[in-house]
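Data first, discussion second: the structure below is written as structure tokens.
The values are calculated or read from the model by the stated rules, or taken from the named source; none is laboratory data. The structure presented is a predicted model; accordingly, all values stated were derived computationally and were not measured. Note that we place each Cβ from the backbone using ideal geometry, even for glycine, and neighbour counts take in every protein chain shown.
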Amino acid sequence: MTDAGERRVALVTGASRGIGKAIAERLARDGRRVILAARSEGPLRELAASIEAAGGSAGVKLIDLADQQAVQTAVDEVTKAEGRLDIVVNNAGITRDNLALRMSDDEFTDVVSVNLTSAFVVCRAAARPMMKGKFGRIVNIASTSGVVGNAGQANYAAAKAGLIGLTKTLARELGAKGVTANVIAPGFIETDMTANLGDEIKGRVMDAMALRRLGQPADIAAAVAYVTSDEAGFLTGQTICVDGGLTMV
């Protein structure tokens with residue numbers, strides 16, 4: 001851990017709720033200054049206030065991930081305002097589930113745009129300050145859907161698989177400059193996105209897991225905390241499935 005005068009600055013997208021919120025809270029608790037990014041200002045302000053009240057350091061940056069130019073500008077503005085950018089966690093994502101034969105072009109391209117293209121834009125913008133500082137931690141939140149596929153999610157699985165390929169490429173390109181890039185691939189985590197799953201589906205999912213339970217956002221946050229730490233400097237280009245033993249690949 002660096003001292004207070006060299007506090008690492010972390011940008012977390014999709015930080016207003018669920019996994020992103022848990023990641024932001026954990027990084028702040030670990031001594032990072034966390035810039036909370038999403039489209040909804042109210043929840044971000046509330047989270048920033050909560051982090052500050054707990055003794056952490058947080059800022060807010062509104063980002064519309066559907067607008068790639070706005071994403072680039074926002075990351076540049078964060079870097080300029082903070083004077084550095086050490087950690088990026090691309091967590092934001094959307095779903096537009098449908099069977100492949102029924103999926104519209106817009107359903108496919110919208111998901112790829114937000115889940116993959118915007119993550120690329122964030123990584124590209126963050127790479128220069130990270131290389132300049134000779135330290136960087138890029139973490140892309142994918143999904144087990146991107147590892148093994150999932151019926152009804154051709155768009156989401158394709159975007160998340162692409163995110164894994166992007167991350168491995170960044171690991172190769174940026175490693176010599178002290179920048180690591182890794183993927184955390186959550187399985188079924190108890191969030192708003194899984195709240196509407198019926199008991200039958202949840203039962204089948206848990207039967208397929210070694211741990212026989214759904215994960216918690218804190219489980220993902222713990223994995224992110226490690227791969228973004230100073231101690232994880234020899235870990236790069238990896239996809240870590242935090243899924244209770246669902247995939248075991």
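Go through segment 59-72 residue by residue and tally those that are polar (S, T, N, Q) and either modelled with pLDDT of 95 or more or closer than 20 Å to Lys160 by Cβ (or both).
Total meeting the criteria: 1.
Under 12 Å from the mean Cα position of the chain (by Cα) and not aromatic (Phe, Trp, Tyr): is that true of Ala10 in this structure?
Criteria met by Ala10.
Given the conditions (1) among the aliphatic types (A, V, I, L, M); (2) modelled with pLDDT of 95 or more; (3) surrounded by 16 or more Cβ atoms within 10 Å (Cβ to Cβ), report the number of the one that Val114 does not fulfil.
All conditions pass for Val114, except number (2).
With the structure loaded, tell me whether Gly59 is assigned to a loop (DSSP other than H, G, I, E, B) and either without any contact (Cβ under 8 Å) to a residue 60 or more places away in the chain or under 19 Å from the mean Cα position of the chain (by Cα) (or both) or whether it fails that test.
Spelling it out, it is not the case that Gly59 is assigned to a loop (DSSP other than H, G, I, E, B) and either without any contact (Cβ under 8 Å) to a residue 60 or more places away in the chain or under 19 Å from the mean Cα position of the chain (by Cα) (or both).
When both residues are 6+ apart or on different chains and their Cβ atoms are under 6 Å apart, which pairs have a first residue that lies in segment 106-133 and is closer than 23 Å to Arg172 by Cβ, and a second that is among the polar types (S, T, N, Q)?
Ala119/Asn90; Ala119/Asn140; Val121/Gln68; Val121/Gln72; Val122/Asn90; Ala125/Gln72; Pro129/Thr79
Of the conditions (1) among the charged types (D, E, K, R); (2) in contact with a helix residue (DSSP H, G or I) (Cβ under 6 Å, 6 or more places away or on another chain); (3) crowded, with 21+ Cβ neighbours inside 10 Å, Arg137 clears all except one; give me its number.
Answer for Arg137: the failing condition is (2).
Looking at segment 150-179, which of the residues that are more than 19 Å from the chain's Cα centre (by Cα) and of a type in the set (Gly, Ala, Ser) is surrounded by the most Cβ atoms within 10 Å (Cβ to Cβ)?
Ala154
Looking at this structure, is Arg137 of a type in the set (D, E, K, R), on the phi < 0 side of the Ramachandran plot and in a strand (DSSP E or B)?
Against the criterion (of a type in the set (D, E, K, R), on the phi < 0 side of the Ramachandran plot and in a strand (DSSP E or B)), Arg137 qualifies.
Spot the failing condition for Val60; the list is (1) surrounded by 21 or more Cβ atoms within 10 Å (Cβ to Cβ); (2) touching a Lys or Arg at 6+ places or on another chain (Cβ under 9 Å), and only one is missed.
Here Val60 meets the rest and fails (1).
Just checking, how many residues over segment 47-67 are in contact with a strand residue (DSSP E or B) (Cβ under 9 Å, 6 or more places away or on another chain), of a type outside the set (A, V, I, L, M, F, W, C) and closer than 30 Å to Thr117 by Cα?
Count: 3.
So which of Phe108, Phe120 ends up being touching a Lys or Arg at 6+ places or on another chain (Cβ under 9 Å) and either at pLDDT 95 or above or in a strand (DSSP E or B) (or both)?
When all the criteria are applied, what remains is Phe108.
Can you confirm whether segment 167-183 contains a residue that is at pLDDT 95 or above, aliphatic (A, V, I, L, M) and more than 21 Å from Val224 (Cβ to Cβ)?
Within segment 167-183, one or more residues are at pLDDT 95 or above, aliphatic (A, V, I, L, M) and more than 21 Å from Val224 (Cβ to Cβ).
Out of everything in segment 75-96 that is modelled with pLDDT under 95, in contact with a strand residue (DSSP E or B) (Cβ under 8 Å, 6 or more places away or on another chain) and over 21 Å from Thr180 (Cβ atoms), what residue ends up being surrounded by the most Cβ atoms within 10 Å (Cβ to Cβ)?
Gly93
Do we have any residue at all in segment 34-56 that's surrounded by 17 or more Cβ atoms within 10 Å (Cβ to Cβ) and at pLDDT below 95?
Checking segment 34-56: at least one residue is surrounded by 17 or more Cβ atoms within 10 Å (Cβ to Cβ) and at pLDDT below 95.
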